[in-house]
1. If the requirement is being within 30 Å of Arg161 (Cβ to Cβ), modelled with pLDDT under 95 and either in contact with an Asp or Glu (Cβ under 8 Å, 6 or more places away or on another chain) or not in a loop (DSSP other than H, G, I, E, B) (or both), which of these qualifies: Asp392, Asp324?
2. Can you find a residue that is out of contact with any Pro (no Cβ under 9 Å at 6 or more places or on another chain) and either part of a strand (DSSP E or B) or aromatic (Phe, Trp, Tyr) (or both) anywhere in region 341-352?
3. When the residues of region 353-389 are filtered to those that are of a type in the set (Gly, Ala, Ser) and part of a strand (DSSP E or B), which remaining residue is farthest from Ala274 (Cα to Cα)?
4. Restricting the search to region 68-81, which residues are at pLDDT 95 or above and either assigned to a loop (DSSP other than H, G, I, E, B) or in contact with a Phe, Trp or Tyr (Cβ under 8 Å, 6 or more places away or on another chain) (or both)?
5. One residue is enough: does region 89-103 have a residue meeting the conditions under 18 Å from Ala15 (Cβ atoms) and crowded, with 18+ Cβ neighbours inside 10 Å?
6. Quick one: Asp363 ticks every box in (1) surrounded by 18 or more Cβ atoms within 10 Å (Cβ to Cβ); (2) over 30 Å from Thr398 (Cα atoms) bar one, so which box is it?
7. Mind listing whichever residues of region 355-383 are touching an Asp or Glu at 6+ places or on another chain (Cβ under 8 Å), farther than 16 Å from Gly221 by Cβ and among the charged types (D, E, K, R)?
8. Is one or more of the residues making up region 45-63 of a type in the set (Ser, Thr, Tyr) and at pLDDT 90 or above?
Amino acid sequence: MAALSEGIYLIKNEASGLYAGVQPGGGAKQGAKVVLGELHPEGPERHRQFWHLKPHSAREGAWTLQNAHSTLRMDIMTGRGRAGAAVQQCPPESRDDLLVSQLWKPEQIAEDVYVWVNSSGKNLAVRGERHDANAELEQAEPKRGEDRGTQTWRVEAVPARGETKAFDALTARVVSPGTFSGPANVLASAVKGILDAGGGVFETMAKTVPDPRAPYLRFDGFRGDEFIRFSPRRGIEAGPKKISEQFAQLPDRFPGAAEDVMNARKGSSCTHTAVMEGGQLWEFSERAAHRAGSRIDLGPVKDQRIMAATTADTKDERVAVFLDRTAVLLTDDFGYFGEFALEHAPDDFLAGLDTAASAPFDDDMHFFLVKGEEFVIVSEGKLVQGPTKLTDAYPFLTGVWM
């Protein structure tokens, strides 16, 4: 039997044929119950039934079941050691005494069929052995033998959407839970003090760090009129949704006339900068949008189309602008500075690049270049990671975004 792998799944109760999802109206509310329901064909109601199954390093064989719509986990919030305690959704925990009730061990009994055992030793089940929609999930005393009642669950991998282009624009930002957030370059020193030096900042920031205060890398992705926020550590954090649902005030003609999006300049009250056709710049955030009063000066290559733009140095004093097969370096006020080259980037990525993001690592900048459904990570000195499919690196995007 094939081993379970990380990804986005539907969780189907074998006894009833219904699917586990967050209760109607539960949204992202902490404490909302997990219930059975008919499979929804599309939209947010369907996303309520998507679960990001991911192994957790806290205990051998332990997994977390995180809802793709709410980004909250299946949890036993009250009566954690008691049979009959309700299964609810709760934010991801890092404290051992709270995390433990979010850990589930899958015991495989047939191809794609599992019993999910909570750290309490109780099994995921349906209250009252009900087979109808809106029946609540609970943890129950384990059943053995052939008749396991409602305690067996089939996991169905969510089929890919078939998208061949990952992003029109992508930004990378280092955030620290509940404390502060800013462009990746702002928090470089904090990151170095907490995280080890693995295979580049994009890989290192993905590692599970037990300290809940530890900064982590988060992406904001834009494609067409859709937006998604995700991180290697937490999976999907927001979306997919309309860009206008995430950002109430947007620049004029955005996203239709946008070439790319990058992090706003240091000291700005906004978080993002839209690079519009013709090199015009607009800053925006989830609270406001206004014209930055700047225009990109491409110097001797001013007539070329901008493919991507991102921070180029750890001090936030330079911007790299990628054109077709070449790139230029700008000052912090977007004036032409000179040529820029990533000599170790594959040529086919630099031709027709979709978007680029960047983050500091030691005294270097690592660039995350995206084309189609693949990315590479490169610094000025080396190729950090060769061409890789987004869904291989971030399997939770399958079926939700890709």
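The values are calculated or read from the model by the stated rules, or taken from the named source; none is laboratory data. Because the structure is a prediction, the values reported are computed rather than measured. Cβ atoms come from the backbone with ideal geometry, glycine included; neighbour counts cover every protein chain shown.
1. Numbers: Asp324 fails: either in contact with an Asp or Glu (Cβ under 8 Å, 6 or more places away or on another chain) or not in a loop (DSSP other than H, G, I, E, B) (or both).
None of the others qualify; the one that does is Asp392.
2. No, because not a single residue in region 341-352 is out of contact with any Pro (no Cβ under 9 Å at 6 or more places or on another chain) and either part of a strand (DSSP E or B) or aromatic (Phe, Trp, Tyr) (or both).
3. Here is the first cut: in region 353-389, the ones of a type in the set (Gly, Ala, Ser) are 356-359, 372, 379, 381, 386.
Still in the list and also part of a strand (DSSP E or B): 356-359, 386.
Details: Ala356: 13, Ala357: 13, Ser358: 16, Ala359: 18, Gly386: 28 Å.
If we take residues in region 353-389 being of a type in the set (Gly, Ala, Ser) and part of a strand (DSSP E or B), then Gly386 is farthest from Ala274 (Cα to Cα).
4. At the first step, the residues of region 68-81 found to be at pLDDT 95 or above are 73-76.
Result: Met74, Ile76.
5. Going residue by residue through region 89-103, those that are under 18 Å from Ala15 (Cβ atoms) are none.
Within region 89-103, not a single residue is under 18 Å from Ala15 (Cβ atoms) and crowded, with 18+ Cβ neighbours inside 10 Å.
6. (1)
7. Once the filter is applied, which keeps residues that are touching an Asp or Glu at 6+ places or on another chain (Cβ under 8 Å), farther than 16 Å from Gly221 by Cβ and among the charged types (D, E, K, R), region 355-383 yields Asp364, Glu380.
8. no
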